[in-house]
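Heads up, the thing below is written out as structure tokens.
The values are calculated or read from the model by the stated rules, or taken from the named source; none is laboratory data. What you see is a predicted model; the values in this text were computed from it and never measured. Neighbour counts run over all protein chains shown; Cβ positions are idealised from the backbone, glycine included.
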Amino acid sequence: MKLTVRDTPPRAVWALEQAGLHPLLARLYAARGIVQGAELDDSLAQLPAPEQMQGCTDAARLLADAMQGGLRICIVADYDCDGASACALGLRGLHLLGQALGWNRADYLVPDRVQDGYGLTPSIAARVRASGADVLVTVDNGIASVEGVAHARALGLQVLITDHHLPAVIDGAVALPQDCVIVNPNQPGCPFPSKALAGVGVMFYVLLALRAELRTRGVFTAAQQPRLDPLLPLVALGTVADVVRLDALNRRLVAQGLKRIRSGQMPAGLAALFAVASRRPELASSFDLGFALGPRINAAGRLSDMRLGIECLCCDEPERARELAQTLDAINRERKSLEGEMREQALQLAEALCLARAHAGTPPALCLYDGAFHEGVIGIVAARLKDKLHRPTFVFAPSQAADKAGELKGSGRSIAGFHLRDALDLLAKRHPGVLLRFGGHAAAAGCTIAADQLPTFAAAFEQIGSEWLDAATLQQRLETDGALEPQYRRLDLCDTLQQQVWGQGFAPPLFCEELEVLSQRLLGQKHLALKLRHGGEAVDGIWFGRTETLPARARLAYRLDADEWQGRRRLRFLIEAAES
């Protein structure tokens, strides 16, 4: 592990301090590319206009026509937290905007991860039509569903695609669904300034455009129009949970959602999730959304039925919300147990693979499979292995679908410098027929292969890794913010930092310096409790999941953390890494 320090432009620090920021925040923001205080304005007035997003105005007209015509709308969701949040947002928003028309005819459908696979398939289109719907709206999927959209149109359905993923590439050319309305900032030719919106953010923009369209049609005036900002907690949840890049727009949406959560303005289902996760809404942070609430929603899609997650996010009755949140919490505990077992097994497989290679060491790209793996958890396991071994990693499991016997489902996660979807595209060109289906983006991707093609896939994946990755890229590096000035080691500043919006592409503060280790002991045989000397004073530290002891002096990367025990709060260092 190599610990590096982010570059901090002095002029940007000075400009941010002049704008009134605390010197520590000014340094942290400058290191993340912020150069002036105006960039930190998170007001809703700074949102780009919906008409800037290609297809948004057409989508608004389609939905407004459907409402005024009394048509039924069915939302086809995805089975992750972004898809669930986008679905709940869409249902709430459509019903809210339809009230002035006396319209309340929106429903939803969630594909089954095992039986249906990903996206809008012809079979899903048929189920939507059979439900009596007239208009099919996708959230967080559909941009690559060329066949599914064609079948839906053949059945007489109007189709609106809202998505944020990259389009499919067929025979080297971008292939978009035809004869439908598409809203996706990543579709060719879209001028929208942010390409990082999550699926829930795209759906929020469609609702903004729909409200404007209904206002233009005289359904309500600007003074009478329904407020959509109460939906922002759902936007914040889906955005953080989907680990999209927190560019200026996403940070603004998340900040606005968190403000409402902290003031208690959120659906009962969201409040219930905070309760079962033992998190305090009044102190809500992006960490809570990504690591406490998001996993509980995701667990339903991985091991059970994502309808539980959507129903929870749509629920406004506290008692029912509590029951749903408790069910999701129980599923998440099962997911964590299953993931732990699979992760240990996968690590053993990786170690055996490295031993078999003798002097060659860890492969530049890993492919692991076990017949006992569960396809709903392979993505998480791949992510854990990628983090631990710093290698692009694919984990495969047998398909659980009754009609897919003999097929393997694979989920991959990658490191910087290795575009996973491009790697799969190259593999498909070199070995035609190996990949039955594949898709994804730079950091995460999925595919389906025949079981007897696993050795070919593994060898080809490793070969691409050896071609694309060099020693410098395979050296695990962790970007930090350098040393923490002793005068800033305070609880109030810790709280200030935790109230900011951090996440993918806008990393939370991580300090780094050489510290003296005064004492260390194991807690529960799982964690390393430390007493460290920082700035001449002793400070507590904890390294979760670490059992190996440290030398008397070590260069450590750490976060500020407020530990609460028996009603008393104290500052400690949360250790993330030690330089090798």
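Here is a yes/no grid of residues against (1) modelled with pLDDT of 95 or more; (2) of a type in the set (Val, Ile, Thr); (3) in contact with a helix residue (DSSP H, G or I) (Cβ under 6 Å, 6 or more places away or on another chain); (4) over 22 Å from residue 28 (Cα atoms):
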position	(1), (2), (3), (4)
542	yes, yes, no, yes
551	yes, no, no, yes
555	yes, no, no, no
562	no, no, yes, no
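Taking the range 112-132 on its own, how many of its residues are out of contact with any Asp or Glu (no Cβ under 7 Å at 6 or more places or on another chain) and closer than 14 Å to residue 151 by Cβ?
10
Could you say whether any residue in the range 214-227 is more than 26 Å from residue 443 (Cβ to Cβ) and in contact with a Gly (Cβ under 6 Å, 6 or more places away or on another chain)? Write out each step before concluding.
Within the range 214-227, the first condition is being more than 26 Å from residue 443 (Cβ to Cβ), and the residues that meet it are 214-227.
Then keep just the ones that are in contact with a Gly (Cβ under 6 Å, 6 or more places away or on another chain); that gives none.
Within the range 214-227, none of the residues are more than 26 Å from residue 443 (Cβ to Cβ) and in contact with a Gly (Cβ under 6 Å, 6 or more places away or on another chain).
Exactly one of these conditions fails for residue 80: (1) modelled with pLDDT under 95; (2) not basic (Lys, Arg); (3) not assigned by TED's automatic domain parsing to the domain that holds residue 110. Give me its number.
(3)
Residue-by-condition table, conditions (1) surrounded by fewer than 23 Cβ atoms within 10 Å (Cβ to Cβ); (2) assigned by TED's automatic domain parsing to the domain that holds residue 469:
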{"site": "336", "(1), (2)": "yes, no"}
{"site": "347", "(1), (2)": "yes, no"}
{"site": "355", "(1), (2)": "yes, no"}
{"site": "374", "(1), (2)": "yes, yes"}
{"site": "378", "(1), (2)": "no, yes"}
{"site": "398", "(1), (2)": "yes, yes"}
{"site": "414", "(1), (2)": "no, yes"}
{"site": "425", "(1), (2)": "yes, yes"}
{"site": "430", "(1), (2)": "yes, yes"}
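Any chance you could count how many residues in the range 521-572 are basic (Lys, Arg), touching a residue at least 60 places away in the same chain (Cβ under 8 Å) and more than 24 Å from residue 6 (Cα to Cα)? I'd like the intermediate steps shown before the answer.
Step one: list which residues in the range 521-572 are basic (Lys, Arg), which gives 521, 526, 531, 533, 546, 553, 555, 559, 568-570, 572.
Narrowing further to those that are touching a residue at least 60 places away in the same chain (Cβ under 8 Å): 555, 569-570.
Next, only the ones that are more than 24 Å from residue 6 (Cα to Cα) stay: 569-570.
Matching residues across the range 521-572 total 2.
Could you tell me which of the residues 69, 37, 33, 20 is small (Gly, Ala, Ser) and more than 23 Å from residue 493 (Cα to Cα)? Quick ask: steps written out before the conclusion?
Details: 37 fails: more than 23 Å from residue 493 (Cα to Cα); 33 fails: more than 23 Å from residue 493 (Cα to Cα); 20 fails: more than 23 Å from residue 493 (Cα to Cα).
Sole residue among the options that is small (Gly, Ala, Ser) and more than 23 Å from residue 493 (Cα to Cα): 69.
Determine which single condition residue 437 fails, assuming it passes every other condition in (1) charged (D, E, K, R); (2) within 29 Å of the chain's Cα centre (by Cα); (3) more than 26 Å from residue 167 (Cα to Cα).
(3)
Considering the range 104-117 alone, what residues qualify as being closer than 13 Å to residue 78 by Cα and surrounded by 17 or more Cβ atoms within 10 Å (Cβ to Cβ)?
108, 109, 110, 111, 113, 116, 117
Hand me the list of strands (runs of 3 or more DSSP E) wholly inside the range 347-427 holding 1 or more residues that are farther than 30 Å from residue 173 by Cβ and aromatic (Phe, Trp, Tyr). Step through it out loud before you land on a result.
On the way: elements: 366-369, 393-398, 407-413.
Hits in the range 347-427: 366-369.
From 503, 541, which residue is in contact with a Phe, Trp or Tyr (Cβ under 7 Å, 6 or more places away or on another chain) and either closer than 22 Å to residue 291 by Cβ or among the acidic types (Asp, Glu) (or both)? So that I can check it myself, show each step before the final result.
On the way: 503 fails: in contact with a Phe, Trp or Tyr (Cβ under 7 Å, 6 or more places away or on another chain).
Checking each option against the conditions leaves just 541.
Cβ-Cβ distance below 9 Å, separation of 6 or more or different chains: which pairs start in the range 464-490 with a residue that is among the aromatic types (Phe, Trp, Tyr) and end on one that is part of a loop (DSSP other than H, G, I, E, B)?
Final answer for the pair search is 468/364; 468/365; 468/392; 468/417; 468/418; 468/419; 488/22.
Kindly provide the set of residues from the range 1-42 that are of a type in the set (Val, Ile, Thr), in a loop (DSSP other than H, G, I, E, B) and either surrounded by fewer than 17 Cβ atoms within 10 Å (Cβ to Cβ) or without any contact (Cβ under 8 Å) to a residue 12 or more places away in the chain (or both), ordered by number. So that I can check it myself, show each step before the final result.
Of the residues in the range 1-42, the ones of a type in the set (Val, Ile, Thr) are 4-5, 8, 13, 34-35.
Still in the running and in a loop (DSSP other than H, G, I, E, B): 8, 34-35.
Those that are of a type in the set (Val, Ile, Thr), in a loop (DSSP other than H, G, I, E, B) and either surrounded by fewer than 17 Cβ atoms within 10 Å (Cβ to Cβ) or without any contact (Cβ under 8 Å) to a residue 12 or more places away in the chain (or both): 8, 35.
Name the single residue that is nearest to the chain's Cα centre (by Cα) among those in the range 43-54 being of a type in the set (A, V, I, L, M, F, W, C) and not in a loop (DSSP other than H, G, I, E, B).
Let us first name the residues in the range 43-54 that are of a type in the set (A, V, I, L, M, F, W, C), namely 44-45, 47, 49, 53.
The next check asks that each one be not in a loop (DSSP other than H, G, I, E, B); those that pass are 44-45.
On the way: 44: 22, 45: 26 Å.
That would be 44.
Any residue in the range 162-185 that is among the hydroxyl-bearing types (Ser, Thr, Tyr) and part of a helix (DSSP H, G or I)? Write out each step before concluding.
Just the residues of the range 162-185 that are among the hydroxyl-bearing types (Ser, Thr, Tyr), to begin with: 162.
Okay, now just the ones that are also part of a helix (DSSP H, G or I), so none.
Within the range 162-185, not a single residue is among the hydroxyl-bearing types (Ser, Thr, Tyr) and part of a helix (DSSP H, G or I).
Just to be sure I understand, how many residues within the range 429-470 are touching a strand residue (DSSP E or B) at 6+ places or on another chain (Cβ under 6 Å) and among the polar types (S, T, N, Q)?
The total comes to 1.
Looking at the range 380-396, which of the residues that are out of contact with any strand residue (DSSP E or B) (no Cβ under 6 Å at 6 or more places or on another chain) and not aliphatic (A, V, I, L, M) is surrounded by the most Cβ atoms within 10 Å (Cβ to Cβ)? Let's see the steps before the verdict.
Initially, the range 380-396 is screened for residues out of contact with any strand residue (DSSP E or B) (no Cβ under 6 Å at 6 or more places or on another chain), giving 380, 384, 387-390, 392.
After this cut, where a residue has to be not aliphatic (A, V, I, L, M) as well, the list is 384, 387-388, 390, 392.
Details: 384: 19, 387: 13, 388: 14, 390: 17, 392: 31.
Among residues in the range 380-396 that are out of contact with any strand residue (DSSP E or B) (no Cβ under 6 Å at 6 or more places or on another chain) and not aliphatic (A, V, I, L, M), the one surrounded by the most Cβ atoms within 10 Å (Cβ to Cβ) is 392.
Just give me the residues in the range 441-484 being buried (at least 19 other Cβ atoms within 10 Å of the Cβ), of a type in the set (Gly, Ala, Ser) and not in a loop (DSSP other than H, G, I, E, B), in sequence order.
Correct list: 445, 446, 458, 460, 465.
Being part of a helix (DSSP H, G or I) and either within 23 Å of residue 440 (Cβ to Cβ) or of a type in the set (Phe, Trp, Tyr) (or both) is the filter here, so list the residues in the range 78-126 that pass it.
First pass over the range 78-126, keeping only residues part of a helix (DSSP H, G or I): 81-101, 122-126.
Those that are part of a helix (DSSP H, G or I) and either within 23 Å of residue 440 (Cβ to Cβ) or of a type in the set (Phe, Trp, Tyr) (or both): 81, 82, 83, 84, 85, 86, 87, 122, 123, 124, 125.
Given the conditions (1) surrounded by 22 or more Cβ atoms within 10 Å (Cβ to Cβ); (2) part of a helix (DSSP H, G or I), report the number of the one that residue 129 does not fulfil.
(1)
In this structure, does residue 498 turn out to be out of contact with any Lys or Arg (no Cβ under 9 Å at 6 or more places or on another chain) and part of a helix (DSSP H, G or I)? Working first, answer last.
On the way: out of contact with any Lys or Arg (no Cβ under 9 Å at 6 or more places or on another chain): yes; part of a helix (DSSP H, G or I): yes.
Yes; evaluated as a whole, the condition is true for this residue.
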